[in-house]
Amino acid sequence: MKNNIIYIFCALFMQNIIAQKPQTPTPSEIYFKIEKLNVLASAMYIAAHPDDENTRLITYLTHHDKAYTNYLSLTRGNGGQNLISNELGTDLGIIRTNELWNARNIDGGKQFFSTADDFGFSKHPKEAFEKWDKDLLLKQMVYMIRKEQPDVIVNRFDHRTEGTTHGHHTASAQLSKLAFNLANDKNYKDLSQENAEIWQPKRLFFNVSWFFFGSKQAFDKADKSKYIPLNIGVFYNQLGKNNQEIASLSRSQHQSQGFGDMSSRGEEIDYVELLDGDALKSSKLFEGVDTSWNRIKGGSNIQPLVTQLIKEYDFKDPSKSITLLTKIYSEIDKLPDTIWKARKQSEVKELIKNCAGLFLDITTNEPYTTPNQSVDVKVEVANRSNQNIVIKDVTINNNRTIVDKSLTNQEVYYDYFQTKFTNQDYTNFKFIDTFNDFKNQFNATKKNEIGLEVNGVYLSYNLPIQYHYKDVVKGEIYKPFHIVPAVSVRFNQSTYITNNKQDQKVEIVTDNYSDENLKGILSVTNSKNEEVYQKEIILNQNEKNNSLIINKNFLNDTYKAHFKQNVNNYDNETKWVDYNHIPVNYYTKPSETKIVSFNKSVLKKSKIGYIVGAGDEIPQVLKDVGYNVDFINLETVKADELSKYETIIVGIRAFNTESSLKTKNKLLFDYVKNGGTVIMQYQTNGNLQTDEIAPYKLTIGRTRITDENAVVKFINANEPVLNKPFKITQENFKNWVQEQGLYYADDFAGEFQPVFTSHDFDEKETNGALLIAKHGKGHYIYTGLSFFRQLPAGNTGALELFINLIELKNE
Ligand SMILES: [Zn+2]
């Protein structure tokens, strides 16, 4: 049972939690951390999306300047593209959040998010601020500056270049420019009701990059006199890595964006421009800031101890530092509460653990549990030093047990606990969407702790419960342990395209995560909350993917599925987000589906071949409509095998992801010449496998129409594609989601006929959204229209146009 894994932590309250085996650093890594203990500097990096941040500069700040460094990404990146699967929206936001946490775990920064939603591409900050609550975001930024007290703030983007990059980017810089001074304005309230102390960061920078100049060559030639050069090519010999090597590992975490990065060595210059704050005489961003212990009240008592700690550190036996570390801990404890007290106490606690070779672990051998079920939890503490350590207490799920057990060198303590969770403990991933959610990022909750006494000093270590098991191939595995709802219920499709004259087969899938058989009522309600179906069923313990098929004449409407068992009402789907490079997460979403009626009798063609690219859900929609859809394996396909298809559809970004299209592109051209229709969906203009993506010249640009309801002007309303089988009008372009399209063609041969023009507000008309070329006896079509978003969303207007493309009659 439960062999199908699952996990993580409530993203709301926990930071940078990566499921992993407890690590003990080497003596030189410990020394590196001790040096950091001697620095009280802090920086904040601000941008809009996961992957915007310059990991080279963040690594330089955390490692070279040894500064406590935050990255505030306004959004989770859920409106972007995904290179590793066809999951978009929430799933993508969760993937990218975890990729950021991974990145920060490598480069040493801390990750924060605002409540701004990534609604998709915007061309101007004005557009961003139409959808975002600017005032709320500003208050969040000010709160964060007051709370975290950065000495320097670095913007990734330029607040002055509106309209030249994603509107979210410029907006992030504009907010930061305002927040920089507002944080120090005592009349400005930030909603926290905490009366957080006002704070004035010393300097605000813009992190210049070649991409603002179009190319590296252009940047090389540009006048850089107003920029401050930072030689970030630092080699950290205690870590055996240079700055770029660490930064490229961090950057390469952004797998969903295809940001795998190469390392480099030697000198490398990064530039910043001073936007506000004190003038600089050197290349030291923290110039004029006292970054020693003397900057805080009472710090002068601690400074000599830390200096001594560094001087007396023994690389052969770090445990010799423990006595001094515990003394430093007690001295810091006497200080008034400040952000530095909290940060440095946590650093010292970690150093004591490292120097004592302490192994602290709280695990379970269950991947997940459900409310009110008993879970066995194992605690392991090992001392690998001559330091005497006393285990004072263990707290599991907020229940404290007194232990009082002394541990000598190499002694290992095991203990076992049983606990139960409630539905308040669900570990589902949530995006933050209120100011309170935002604030909670700064206050980690503590539910499981191990309390130790070292040299008479009490230290408590906060740990997650992790799922721990042996995989016979991969070895020892740690994963997040999850608390999930007992039942998940979902429709197997988010949209069903139906012919209203017949019954529609609808499948409801249930998962029982609990150890009990659950007898209850499965029901379906319509948008008026009227029950249109119900049946008593039994969900067997731990049974997943239990399918129930309903054959019924459903009307055009949205429907919800429910499972009611005694007082428990389950009407959510538990959706797992499970990829190799990130910890497993889940989130819940309403069990909903949409029934869309559609006249299937208009179809003349039947056999469609589909070349999958980055992945999209169009094939399922086409099957629902009534087509037979085969997936074409490009690696093995022969020319004559293509001739059986009446239309071939090239999935989104196939020319980017499918290396075989480098040589097999000609098969598509010949197929069209012989009378076939090819519909190529959007491809990105970077990293194409070949420039020959069509039988005639076709260059993809970066034009996108971000207004999903942009008006279209038909160039020739009599064209077959606008008339058969469906008459296409302006109505077909209403109720679209997220955007009208992306990566429109910007240069194409005369053989390509544009079908319509459209434009975003205040911009000129573009005609590269839908192009049709006659080639031999067939048609070759390129379209940047976002059919991959519209069709799965049940948008019938877009579907009719797509069918007209498929049904284009060839000579
Ligand atoms: Zn971005």
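The values are calculated or read from the model by the stated rules, or taken from the named source; none is laboratory data. Computed from a prediction, not measured in an experiment: that's the story for all the values here. Cβ placement follows ideal geometry from the backbone for every residue including glycine, while neighbour counts extend to all protein chains displayed.
Listing for the model above:
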{"quantity": "Of residues in the stretch 652-680 being in contact with a strand residue (DSSP E or B) (Cβ under 6 Å, 6 or more places away or on another chain) and part of a loop (DSSP other than H, G, I, E, B), the one surrounded by the fewest Cβ atoms within 10 Å (Cβ to Cβ)", "calculated": "G675"}
{"quantity": "Every residue from the stretch 81-99 that is among the hydrophobic types (A, V, I, L, M, F, W, C), more than 16 Å from the ligand (Cβ to nearest atom) and not in a loop (DSSP other than H, G, I, E, B)", "calculated": "I94"}
{"quantity": "Filter pass, A614 being modelled with pLDDT of 95 or more and crowded, with 19+ Cβ neighbours inside 10 Å", "calculated": "no"}
{"quantity": "Y478 closer than 27 Å to A356 by Cβ and in contact with a His (Cβ under 6 Å, 6 or more places away or on another chain)", "calculated": "yes"}
{"quantity": "Residue that is under 29 Å from D317 (Cα atoms) and either out of contact with any helix residue (DSSP H, G or I) (no Cβ under 8 Å at 6 or more places or on another chain) or free of Cβ contacts under 8 Å to residues at least 60 places away in the same chain (or both), where the choices are V348, V394", "calculated": "V394"}
{"quantity": "Residue list for the stretch 19-69, filter: among the polar types (S, T, N, Q), surrounded by fewer than 23 Cβ atoms within 10 Å (Cβ to Cβ) and not in a loop (DSSP other than H, G, I, E, B)", "calculated": "S28, T62"}
{"quantity": "Residue check, E800 at negative phi, in a helix (DSSP H, G or I) and surrounded by fewer than 21 Cβ atoms within 10 Å (Cβ to Cβ)", "calculated": "yes"}
{"quantity": "Test for D158: is it in a loop (DSSP other than H, G, I, E, B) and touching a strand residue (DSSP E or B) at 6+ places or on another chain (Cβ under 6 Å)", "calculated": "yes"}
{"quantity": "Complete set of residues in the stretch 53-69 that are within 22 Å of Y143 (Cα to Cα) and within 13 Å of the ligand (Cβ to nearest atom)", "calculated": "E53"}
{"quantity": "Selected residue (only one of N78, N102 is more than 13 Å from the ligand (Cβ to nearest atom) and either outside any helix (DSSP H, G or I) or over 20 Å from E268 (Cβ atoms) (or both))", "calculated": "N102"}
{"quantity": "The stretch 167-190: number of residues that are within 15 Å of the ligand (Cβ to nearest atom) and under 17 Å from K147 (Cβ atoms)", "calculated": "2"}
{"quantity": "Filtered residues of the stretch 754-784 (kept if in contact (Cβ under 8 Å) with a residue 60 or more places away in the chain, part of a strand (DSSP E or B) and not hydroxyl-bearing (S, T, Y))", "calculated": "L771, A773, H775, G778, H779, I781"}
{"quantity": "Test result for Y31, aromatic (F, W, Y), in the same structural domain as Q253 (by the TED database) and away from the ligand (no atom under 16 Å from the Cβ)", "calculated": "no"}
{"quantity": "Candidates D640, D616, filtered to the one that is in the same structural domain as K724 (by the TED database), of a type outside the set (A, V, I, L, M, F, W, C) and not in a helix (DSSP H, G or I)", "calculated": "D616"}
{"quantity": "Single condition L72 does not satisfy, out of (1) within 15 Å of the ligand (Cβ to nearest atom); (2) over 17 Å from F157 (Cβ atoms); (3) out of contact with any helix residue (DSSP H, G or I) (no Cβ under 6 Å at 6 or more places or on another chain)", "calculated": "(2)"}
{"quantity": "Residues of the stretch 447-479 satisfying the condition of being modelled with pLDDT under 95, under 24 Å from K392 (Cβ atoms) and exposed (fewer than 13 other Cβ atoms within 10 Å of the Cβ)", "calculated": "none"}
{"quantity": "Some residue of the stretch 701-722 being closer than 30 Å to G77 by Cβ and part of a strand (DSSP E or B)", "calculated": "yes"}
{"quantity": "Index of the failed condition, L178 passing every other in (1) of a type in the set (A, V, I, L, M); (2) within 23 Å of I228 (Cβ to Cβ); (3) crowded, with 24+ Cβ neighbours inside 10 Å", "calculated": "(3)"}
{"quantity": "Single match in E751, E719, E731 (criterion: over 26 Å from K126 (Cα atoms), of a type in the set (D, E) and in contact (Cβ under 8 Å) with a residue 60 or more places away in the chain)", "calculated": "E731"}
{"quantity": "Residues within the stretch 765-774 that are surrounded by fewer than 21 Cβ atoms within 10 Å (Cβ to Cβ) and either among the hydroxyl-bearing types (S, T, Y) or farther than 15 Å from G701 by Cα (or both), tallied", "calculated": "1"}
{"quantity": "Number of the exception - E476 against (1) among the charged types (D, E, K, R); (2) in contact with a Lys or Arg (Cβ under 7 Å, 6 or more places away or on another chain); (3) assigned to a loop (DSSP other than H, G, I, E, B)", "calculated": "(3)"}
{"quantity": "Residues being surrounded by fewer than 24 Cβ atoms within 10 Å (Cβ to Cβ) and more than 10 Å from the ligand (Cβ to nearest atom) - total across the stretch 154-166", "calculated": "7"}
{"quantity": "Answer from Q149, Q193, Q238 - the residue that is surrounded by fewer than 14 Cβ atoms within 10 Å (Cβ to Cβ), farther than 30 Å from Q81 by Cβ and away from the ligand (no atom under 16 Å from the Cβ)", "calculated": "Q193"}
{"quantity": "Unique match (being at pLDDT below 95, closer than 25 Å to Q504 by Cα and loosely packed, with under 12 Cβ neighbours inside 10 Å) among N580, N551, N566", "calculated": "N551"}
{"quantity": "Where a residue in the stretch 36-56 is charged (D, E, K, R) and its partner, wherever it lies, is within 14 Å of the ligand (Cβ to nearest atom) and at pLDDT below 95, with Cβ under 6 Å and at least six apart", "calculated": "D51/H254; D51/Q257; D51/F259"}
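So that you can scan it fast, the table gives a plain yes or no per residue for (1) assigned to a helix (DSSP H, G or I); (2) touching a Ser or Thr at 6+ places or on another chain (Cβ under 9 Å):
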site	(1), (2)
S225	no, no
S256	yes, yes
S264	no, yes
P304	yes, no
S319	yes, yes
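Conditions tested, residue by residue: (1) outside any loop (DSSP other than H, G, I, E, B); (2) in the same structural domain as A103 (by the TED database); (3) touching a Leu at 6+ places or on another chain (Cβ under 6 Å).
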site	(1), (2), (3)
S527	no, no, no
Q534	yes, no, no
I537	yes, no, yes
N542	no, no, no
T588	yes, no, no
